Each structure stands twice: as structure tokens, then as C-alpha cells.
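Asks: Submitted below is the structure of interest, expressed as C-alpha cells.
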Amino acid sequence: MSTKAYAAQAAESPLAPFSLTRRDPLPNDVVIDILYCGVCHSDLHQARNEWGNTIYPCVPGHEILGRVAKTGSAVKKFKEGDLAAVGCMVDSCRTCPACEAGLEQFCETGGTVFTYNSPDRHSGGVTFGGYSESIVVDESFTLKVSEGVDLAATAPLLCAGITTYSPLKHWKVGPGKTVGIVGLGGLGHMGVKFAHAFGAHTVLFTTSPGKAEDAKRLGADEVVVSKDPDAMAARARSFDFILDCVSAQHDINAYLNLLKLDGTLTLVGAPERPLPVAAFNLILPRRNFAGSAIGGIPETQEMLDFCAGRGIACDVETIGIRDVETAYARLLKSDVRYRFVIDMATLKNPA
Ligand code: NAP
Ligand code: ZN
Ligand code: ZN
């Protein structure tokens, strides 16, 4: 099935119209007409080859929400017309201990198939993401979405939502805990919403003083401008947990210093180059420096259901597909409030 899309042809070239072929549905496949796709900073890292592993042409997009157009003969969870969503993965080995535990993002056989830029088991080529009219995905990697939610505002939950929900749950963030969220972008703004919803005392660290008011509206109890050394020093040794959602180079030691005894800093931001850590900032007082990648399929469904039940969604700015380069340029200036979402009708019917 020929499908319109937007692709990067090289690290230096802007995304432009591209045509790709989606497979005919296999028995367990769901064909989804994409309505909205969020713009994650990972899309930008990948399109520009900042992680050094991009295969061109590259069609980014892993915050996919749409309606089922067709189902394979064995599909049980979906019928035509249902809402459906796809996040960062479309398959895994399904049999290793991590996959059996619902942690497909950590598949131990290296079998995780990411939504874009991964070897495609079916086509023999590479997977193409959600900056496209439609996608064909096995129902086991397709999420259910409740009718009645704001569709554009729900799409980014598929990456920004689960990537912040999962580590906050894993490290048992809740009442009585002081929790820092670093960087108020797509991930960070969901980190603030979830930390607040889980009952923690939530502190946002930002380089953008102009975002302070928004942060409080989103659920932050306090806002610290990280460029102010006095404000940072006043917070030393006072945090149980910090989630670092920053997309660019920054000083990780400045945040390790804010952790209490046995406190944990989890990095979800994935800057291009290594972030040096000073040994004594971990040794004393017995701090943990951790990482986390998205979340497994069962937890992603749990997060979507939690959000639907609590009326939680993303704060989004809807754009047309032709504005995606402008959106990337704004991400690089930290000028996002707080997720760009592409209205995919603009790909089907360019004005
Ligand atoms: P984003 O919307 O662009 O937000 C990044 C935020 O980081 C900015 O809004 C800004 O917040 C802060 N920031 C930017 N440059 C900075 C600098 N030089 N120093 C300090 N702070 C800076 O990005 P995103 O989509 O949330 O993604 C964030 C990162 O997470 C990316 O690297 C992305 O690839 C990664 N990611 C990882 C996973 C995972 O599974 N681990 C999943 C998705 C994304 P302030 O204006 O508040 O300072
Ligand atoms: Zn993402
Ligand atoms: Zn596996």
C-alpha cells in the first residue's frame, strides 16, 4: 500500500515529501490511519544523525494516534473504526525474560524493533515512523485509546508520557518524596504532571525563567532557575529523586549534588555526547545515577488508562506537516509549550 510521508534524506537536508510502502496486513496486523503524530526531540536527534546510527531515508515519528482502517483475520483487540495508538516499538522477540516481563524495550536478544530506523522484519528494509498517512502494526504492539479523550493531546503520551511515567513509578515517587524534574520540554512537562499526580513535592529545574508560571499551572510546587548558583546551592542534599529530561549537553554534577543519601538521578534525556560525572558526587552520599528507556507495552497501556481516568494529557501546539522544520528549530531554542503535534490531515490534503 503506497503511503505519503515526510522523510529526511540526509543529516543536512530538511524533511520533505516521500512515498513509502506499507505491507498488506498479516493475520495479527492492524492498519491505522494516522490522525496525529507528536514531534519528539528524538525525531530531531535521529533525522540529523546526532546518535550516529541513522539509516536514510528516515521517516521519524513515534507518538502515533489514529483510527483502525482494517484488521487482519486473527485480530482480537481492535475493529475497524476504533482508536489505536503506537509508540516507540512495533515488535520484539517476545520470548526472552525481559519480553515475557512486559519490558520489550529491553529485549535481551536485541530484538526490539523500534517504530523507525530499525531493521524491518517484514520488508527486509528499515522501519518508517508516524510522519505518514498510515502504519501497519501487530496488535500486540498497538495500544487502546478511550473514546472521548483529546486526540492531539493524547498522542505524545506514547513517548513523552510513558518515558516519564515509567521511571517515576519504578523509583516509587509518591507522597512524602521531594522530586525534581529537569527541563520543561515535551518529556519534562509530563514529568511534572505525573510527579504531581503521584503526590510528590515537585520541583521544576529550568533554564527558561519565562516557563515558571506554566510549570506551576502544570503541577510544580516550586520552580528553580538552574542558571542561578545560589538557588541551586540552597537545594543541596534535599532531593529523593530527580528525573533529567534535557536534550543537550549540561552539567549532570549540578543535579547529583542535590540528592540526599541514597537519592537517585535518572537520566532519560539523550544528548549527543557523554556527560562527565565526578566520582565524589556519587560516592558521597551513596547516590545512584540511573537511566530509563520509554516503558513496556503493558505499562504504556496502564499509563494511557491512568491518563484517561484522571483527565491528564499533554499541552500541545498543533502544526501542519510542512511546519516540521520550524518546529525542530524551535525545539533547539527550548521554545516549545510543550509538545508539537502534527495534524496528519495536512499530509493527506495539502492546502
Ligand atoms: P524538548 O521538548 O526539546 O525539551 C528539552 C528541554 O531541555 C528544553 O525545553 C529545555 O527546558 C531543556 N534544555 C534544552 N537545552 C538545554 C541546555 N543546553 N541546558 C539545559 N537545559 C536544556 O525534548 P524532549 O522531546 O522532551 O526530549 C528530551 C530528551 O529526552 C531528548 O534528548 C530525547 O531524545 C530524549 N528522550 C529519551 C527517551 C528515553 O526513552 N530515554 C524517550 C524520549 C526522548 P528548559 O527550557 O526548561 O530549560
Ligand atoms: Zn520520543
Ligand atoms: Zn525479547
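Asks: If I take R0 = 41 Å and measure r between the Cβ atoms of Leu332 and Lys79 in this structure, what FRET efficiency does the formula 1/(1 + (r/R0)^6) give, to the nearest 0.05?
Replies: 0.50
Asks: How far, in nm, would the chain grow between Thr95 and Asp150 when pulled straight, counting 0.36 nm per residue and subtracting the alpha carbon separation?
Replies: Working: separation 55, 0.36 × 55 = 19.80 nm, distance 3.52 nm.
Difference between extended and current length: 16.3 nm.
Asks: May I pose another question? For the stretch 111-162, what relative contact order do you get, as a whole percent, if you take Cα pairs closer than 8 Å and at least 6 residues apart? Could the numbers behind the result be given before it?
Replies: On the way: 21 pairs, mean separation 9.4, N = 52.
Value for the stretch 111-162: 18 percent.
Asks: Could you tell me how far the Cα centroid of the stretch 290-312 sits from the Cα centroid of the stretch 58-130, in Å?
Replies: Here the answer is 16 Å between Cα centres.
Asks: How large is the charge dipole for the chain, taken about the Cα centre, if only the Cβ atoms of Lys, Arg (+1) and Asp, Glu (-1) carry charge, to the nearest 20 debye?
Replies: Once rounded to the nearest 20, the dipole reads 400 debye.
Asks: Sort out the exposed loop GluC sites (Glu not before Pro) in the chain (DSSP loop, at most 13 other Cβ within 10 Å) and tell me the longest stretch that has none.
Replies: Working: sites that count: Glu12, Glu80, Glu147, Glu272.
It works out to 148-271.
Asks: When the Karplus curve 6.51 cos²θ - 1.76 cosθ + 1.60 is applied with θ = phi - 60°, which whole-Hz ³J(HN,Hα) does each residue of the stretch 7-12 get, with x for Gly and Pro?
Replies: Calculated HN-Hα couplings, in order: 9, 9, 9, 6, 4, 8 Hz.
Asks: Something else now. How much solvent-accessible surface does Arg286 expose, in Å² to the nearest 10, with a 1.4 Å probe and all protein chains in place?
Replies: 150 Å²
Asks: Here's a follow-up. Given only helices, namely DSSP H runs of n ≥ 4 each adding -39500 (n - 2.57), what is the per-residue ellipticity at 222 nm of the chain, to the nearest 500 deg cm²/dmol?
Replies: That calculation yields -6000 deg cm²/dmol at 222 nm.
Asks: Right, something else. Please state the Cα pair-distance histogram of the stretch 299-351 with 5 angstrom bins from zero: what percent is in each bin?
Replies: Reading the bins upward from 0: 5, 18, 19, 16, 15, 18, 9, 1.
Asks: Let me ask you something else. Picking from Val137, Val59, Ile181, whose Cα lies most toward the positive end of the charge dipole for the chain (charges on Cβ: Lys, Arg +1; Asp, Glu -1)?
Replies: Of the candidates, Ile181 comes out farthest on the positive side.
Asks: For the chain, what relative contact order do you get, as a whole percent, if you take Cα pairs closer than 8 Å and at least 6 residues apart?
Replies: It rounds to 18 percent for the chain.
Asks: Quick one: what are the phi-derived ³J(HN,Hα) couplings along the stretch 118-128, Karplus 6.51/-1.76/1.60 with θ = phi - 60°, whole Hz, x for glycine and proline?
Replies: So the Karplus estimates, Gly and Pro as x, are 10, x, 8, 4, 8, 8, x, x, 10, 6, 10 Hz.
Asks: Same structure again: Which entries of Lys144/Lys177; Lys144/Lys172; Lys70/Lys144; Lys211/Lys333; Lys4/Lys70; Lys4/Lys144 show an alpha-carbon separation above 20 angstrom in the structure shown?
Replies: Long pairs (Cα-Cα over 20 Å): Lys144/Lys177; Lys144/Lys172; Lys4/Lys144.
Asks: Taking Cα pairs under 8 Å and at least six residues apart, what relative contact order does the stretch 28-127 come out at, in percent? Please list the in-between numbers first.
Replies: On the way: 181 pairs, mean separation 23.7, N = 100.
Result for the stretch 28-127 is 24 percent.
Asks: How many percent of the accessible area of the chain is carbon or sulfur, using a 1.4 Å probe?
Replies: 53 percent
Asks: Roughly how many debye, to the nearest 20, is the charge dipole of the stretch 69-118 about its Cα centre, given +1 on each Lys and Arg Cβ, -1 on each Asp and Glu Cβ, and no other charges?
Replies: The dipole magnitude comes to about 240 debye.
Asks: List every residue whose amide H lies under 5 Å from the amide H of Met89, counting only residues 5 or more places away in sequence or on a different chain, with H placed 1.01 Å from N in the peptide plane.
Replies: Thr115
Asks: Between Glu213 and Ala234, what is the label-to-label distance in nm when each label sits 7 Å out along the Cα-to-Cβ direction?
Replies: About 2.1 nm separates the two model spin labels.
Asks: Still on this model: Got a sec to turn the phi values of the stretch 19-36 into Karplus ³J(HN,Hα) couplings, 6.51 cos²θ - 1.76 cosθ + 1.60 with θ = phi - 60°, whole Hz, x for Gly and Pro?
Replies: Going residue by residue, I get 10, 10, 10, 9, 5, 5, x, 7, x, 9, 8, 10, 9, 10, 7, 7, 9, 9 Hz, with x marking Gly and Pro.
Asks: Please list, in chain and number order, the residues 5+ apart from Phe241 or on another chain whose amide H is under 5 Å from its amide H, with Hs placed from the backbone.
Replies: Thr178, Gly180, Thr264
Asks: Another one. Trypsin sites (Lys or Arg not before Pro), restricted to the stretch 42-151: which are DSSP loop and have at most 15 other Cβ atoms within 10 Å?
Replies: Answer by residue number: Lys76, Lys77, Lys79, Arg94, Arg121.
The values are calculated or read from the model by the stated rules, or taken from the named source; none is laboratory data. Since this is a predicted model, take the numbers as computed values, not measurements. Counting neighbours? That spans all protein chains shown, and the Cβs are built from the backbone with ideal geometry, glycine included. For the accessible areas, the whole protein counts, side chains as well, though only heavy atoms, and no ligand, DNA or RNA atoms are used. Shrake-Rupley method; radii C 1.70, N 1.55, O 1.52, S 1.80 Å.
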